[in-house]
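S.K.: Below are the structure tokens for one structure; questions will follow.
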Amino acid sequence: MPSGESIPDTIAAVATPAGRGGIGIVRVAGPKVPEIARALIGGLPESRKAVLRSFRDAQGERVDEGVALYFQAPHSYTGDEVLELQGHGGPVVTHLVLGAVLDAGARLAGPGEFTRRAFLNGRLDLAQAEAVADLIDAASREAARSALRSLGGDFSAVIAGLVAGLTELRALTEAMLDFPDEEVDSLHRDDASRRLAQLRAALEEVLVKSRQGSLLRTGIHVVLAGRPNVGKSSLLNRLAGAERAIVTAVPGTTRDALRESIQIEGVPIVVVDTAGLRESQDEVEQLGMARTRQEMARADVVLVILEAGKLEAPQGPLPEAATKINVVNKVDLVPGAVAGRQGNEVYVSAKTGAGLEALRAAVLEAAGWSSRGETVFLARERHLRALATARTHLDAAVLQVAQWEFFAEELRLAQEALGEITGRLSADDLLGEIFARFCIGK
């Protein structure tokens, strides 16, 4: 450790979820691990070897019995000395063990502090650290797979490749600033333009995959809107595969928003059934319609449900921001009507299920998902902003090829934006915001 640098605290937390379980794990990390191990279990176990021990408090009384695992620095999750005490999973006994650890010299860890130490110790970069939380919070199998790829460094490797290309182009550009020979300058201008075009194409590909992956994190908010009795609730039930909404022939049955979580091709989707939009003097129904408009304003995709043979649009304006799909329901009641996608409309039958596959595909397409079997990156909003900023600077660099000083500056700013993704250039307040969203003990 460099001279003058303070020795980090030893931190501890319960690493398993709250409540009863078969096992409760208390994780400890920091320089006092050997001292704490002597106090609680009588000594430091051999590294990476599970041993059965009694866990004792400051008075020497046994509070639990279980497995102790020691990971010697730097070969641990955080890069510090790490001790894990795996005891019984009752909340009382687990907190007794944690209390004994704190009495022995550790302090309680904050949210995400173990993973933050792994980042600060160079065990993970920032994108990998965020992938830990994304893997825990994954709402689908595809999201979990994508998070695992990011944790393994796939996303970071792609960003590192872009940064390396920018670094090489910047080096050539800086050399041109020192040796502004006209003939060489002309050759370099062509070479710089070629390299820049390759970088822009590569960045655009990363941005597309990142936007796709962000859907796996955040999901798609889909709202069913239409007049009463066009089959919104029936369609929700059909999409959910269960009777979630009450269906009757009485108009205005749905008074409040009803949400159901589903998955389409591994993409998490929240479908919201809403009150029918029509003229009504009923105060409760009016409140329901007001909530319908609030849901539509927040939606990613609005399915405007129409009834085959009538095609009466819902009364009142529809939101401009959301992507809208016209869904013509009850095609089973119209002789000769064909279910499926026809132009900008999707014809379905909530009763028979006809046309539902076409509707599912239309929802994914409207939200920006493309099921081409390619690897996607489980990007966060800050990743998308950084990539978009880098693209803006590379686009600006195209206009500055003849002016090396400005060209070099745009390249520098693009590289700086990409560096924020992996944490090469991250302010302390950004790190605090990121790790504060983690669970304690991770």
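The values are calculated or read from the model by the stated rules, or taken from the named source; none is laboratory data. Everything quoted here is computed from the prediction, not taken from an experiment. Note that we place each Cβ from the backbone using ideal geometry, even for glycine, and neighbour counts take in every protein chain shown.
S.K.: Checking TYR77 against (1) crowded, with 21+ Cβ neighbours inside 10 Å; (2) within 19 Å of ILE440 (Cβ to Cβ), which test does it fail?
M.R.: Of (1) crowded, with 21+ Cβ neighbours inside 10 Å; (2) within 19 Å of ILE440 (Cβ to Cβ), only one is false for TYR77: (1).
S.K.: Based on this model, can you work out whether VAL401 counts as in contact with a Leu (Cβ under 8 Å, 6 or more places away or on another chain) and either surrounded by fewer than 17 Cβ atoms within 10 Å (Cβ to Cβ) or among the β-branched types (Val, Ile, Thr) (or both)? Outline the logic, then answer.
M.R.: Working: in contact with a Leu (Cβ under 8 Å, 6 or more places away or on another chain): yes; either surrounded by fewer than 17 Cβ atoms within 10 Å (Cβ to Cβ) or among the β-branched types (Val, Ile, Thr) (or both): yes.
So VAL401 passes the test.
S.K.: Can you tell me which residues in segment 10-67 are aliphatic (A, V, I, L, M) and closer than 13 Å to VAL93 by Cβ?
M.R.: Initial filter on segment 10-67 (aliphatic (A, V, I, L, M)): 11-15, 18, 23, 25-26, 28-29, 33, 36-37, 39-41, 44, 50-52, 58, 63, 67.
Within segment 10-67, VAL14, ILE23, ILE25, VAL26, VAL63 qualify.
S.K.: Another question, then. Could you please let me know if SER234 is modelled with pLDDT of 85 or more and not assigned by TED's automatic domain parsing to the domain that holds LYS310? Walk me through it before giving the result.
M.R.: Values: modelled with pLDDT of 85 or more: yes; not assigned by TED's automatic domain parsing to the domain that holds LYS310: no.
Judged against the criteria, SER234 is not a match.
S.K.: Can you name every residue in segment 194-226 that is out of contact with any Leu (no Cβ under 6 Å at 6 or more places or on another chain) and of a type in the set (Lys, Arg)?
M.R.: Across segment 194-226, the qualifying residues are ARG194, LYS209, ARG211.
S.K.: With the requirement that a residue be at pLDDT below 85 and buried (at least 24 other Cβ atoms within 10 Å of the Cβ), what does segment 214-229 give you?
M.R.: LEU216, ALA225, GLY226
S.K.: Does at least one position in segment 368-379 carry a residue that is part of a loop (DSSP other than H, G, I, E, B), without any contact (Cβ under 8 Å) to a residue 40 or more places away in the chain and outside the structural domain of MET176 (by TED's automatic domain parsing)?
M.R.: So in segment 368-379, the residues part of a loop (DSSP other than H, G, I, E, B) come out as 368-379.
From what's left, without any contact (Cβ under 8 Å) to a residue 40 or more places away in the chain: 372-373.
From the residues that got through so far, the ones that are outside the structural domain of MET176 (by TED's automatic domain parsing) too are 372-373.
Looking for residues that are part of a loop (DSSP other than H, G, I, E, B), without any contact (Cβ under 8 Å) to a residue 40 or more places away in the chain and outside the structural domain of MET176 (by TED's automatic domain parsing), one finds at least one in segment 368-379, hence yes.
S.K.: Still on this structure, please answer the following. Residues of segment 37-61 being exposed (fewer than 12 other Cβ atoms within 10 Å of the Cβ), touching a Phe, Trp or Tyr at 6+ places or on another chain (Cβ under 9 Å) and at negative phi, which ones?
M.R.: Once the filter is applied, which keeps residues that are exposed (fewer than 12 other Cβ atoms within 10 Å of the Cβ), touching a Phe, Trp or Tyr at 6+ places or on another chain (Cβ under 9 Å) and at negative phi, segment 37-61 yields GLU46, LYS49.
S.K.: Just checking, which of HIS95, HIS88 is surrounded by fewer than 21 Cβ atoms within 10 Å (Cβ to Cβ), touching a residue at least 40 places away in the same chain (Cβ under 8 Å) and in contact with an Asp or Glu (Cβ under 7 Å, 6 or more places away or on another chain)?
M.R.: Values: HIS95 fails: in contact with an Asp or Glu (Cβ under 7 Å, 6 or more places away or on another chain).
Testing whether each residue is surrounded by fewer than 21 Cβ atoms within 10 Å (Cβ to Cβ), touching a residue at least 40 places away in the same chain (Cβ under 8 Å) and in contact with an Asp or Glu (Cβ under 7 Å, 6 or more places away or on another chain) leaves just HIS88.
S.K.: While we're here: Pairs, please: C-beta under 8 Å, at least 6 apart or cross-chain, first residue within 12 Å of GLU307 (Cα to Cα) and assigned by TED's automatic domain parsing to the domain that holds LEU359 and in segment 331-343, second in a helix (DSSP H, G or I) and not β-branched (Val, Ile, Thr)?
M.R.: Filtered contacts from segment 331-343: no entries.
S.K.: Out of all the residues in segment 189-206, which are surrounded by fewer than 19 Cβ atoms within 10 Å (Cβ to Cβ) and closer than 30 Å to LEU378 by Cβ? Quick ask: steps written out before the conclusion?
M.R.: Of segment 189-206, the ones surrounded by fewer than 19 Cβ atoms within 10 Å (Cβ to Cβ) are 189-191, 193-195, 197-198, 200-202, 204-205.
Within segment 189-206, ARG195, ALA197, GLN198, ARG200, ALA201, ALA202, GLU204, GLU205 meet the criteria.
S.K.: Which residues, taken from segment 109-128, are in contact (Cβ under 8 Å) with a residue 60 or more places away in the chain, more than 18 Å from LEU387 (Cβ to Cβ) and not acidic (Asp, Glu)?
M.R.: Result: ALA109, GLY110, PRO111, GLY112, PHE114, THR115, ARG116, ARG117, PHE119.
S.K.: Within segment 105-121, identify whether any single residue is charged (D, E, K, R), closer than 21 Å to LEU418 by Cα and not assigned by TED's automatic domain parsing to the domain that holds PRO268, and answer yes or no. So that I can check it myself, show each step before the final result.
M.R.: Taking segment 105-121 and keeping what is charged (D, E, K, R), we get 107, 113, 116-117.
This time we only want the ones that are closer than 21 Å to LEU418 by Cα, so: 116.
With the extra rule that they be not assigned by TED's automatic domain parsing to the domain that holds PRO268, the set shrinks to 116.
Yes, segment 105-121 has at least one match.
S.K.: With the checklist (1) at pLDDT 90 or above; (2) of a type in the set (Ser, Thr, Tyr); (3) touching a Ser or Thr at 6+ places or on another chain (Cβ under 6 Å) in hand, flag the one item THR422 doesn't pass.
M.R.: Checking THR422 against (1) at pLDDT 90 or above; (2) of a type in the set (Ser, Thr, Tyr); (3) touching a Ser or Thr at 6+ places or on another chain (Cβ under 6 Å), the one that fails is (1).
S.K.: Here are the criteria: (1) assigned to a helix (DSSP H, G or I); (2) basic (Lys, Arg); (3) modelled with pLDDT of 90 or more. Tell me which single one ARG145 does not satisfy.
M.R.: That leaves (3) as the condition not met.
S.K.: Within the set of pairs 6 or more residues apart or between chains, which connect a residue that is closer than 12 Å to ARG238 by Cα inside segment 349-363 to a residue that is among the hydroxyl-bearing types (Ser, Thr, Tyr) with Cβ atoms less than 6 Å apart?
M.R.: ALA350/SER234; GLY355/TYR347
S.K.: Does segment 18-26 include one or more residues that are surrounded by 15 or more Cβ atoms within 10 Å (Cβ to Cβ) and part of a loop (DSSP other than H, G, I, E, B)?
M.R.: no
S.K.: I'm told PHE155 meets every condition in (1) among the hydrophobic types (A, V, I, L, M, F, W, C); (2) in contact with a Phe, Trp or Tyr (Cβ under 7 Å, 6 or more places away or on another chain); (3) at pLDDT below 90 except one. Can you identify the failing condition by its number?
M.R.: The failed condition is (3).
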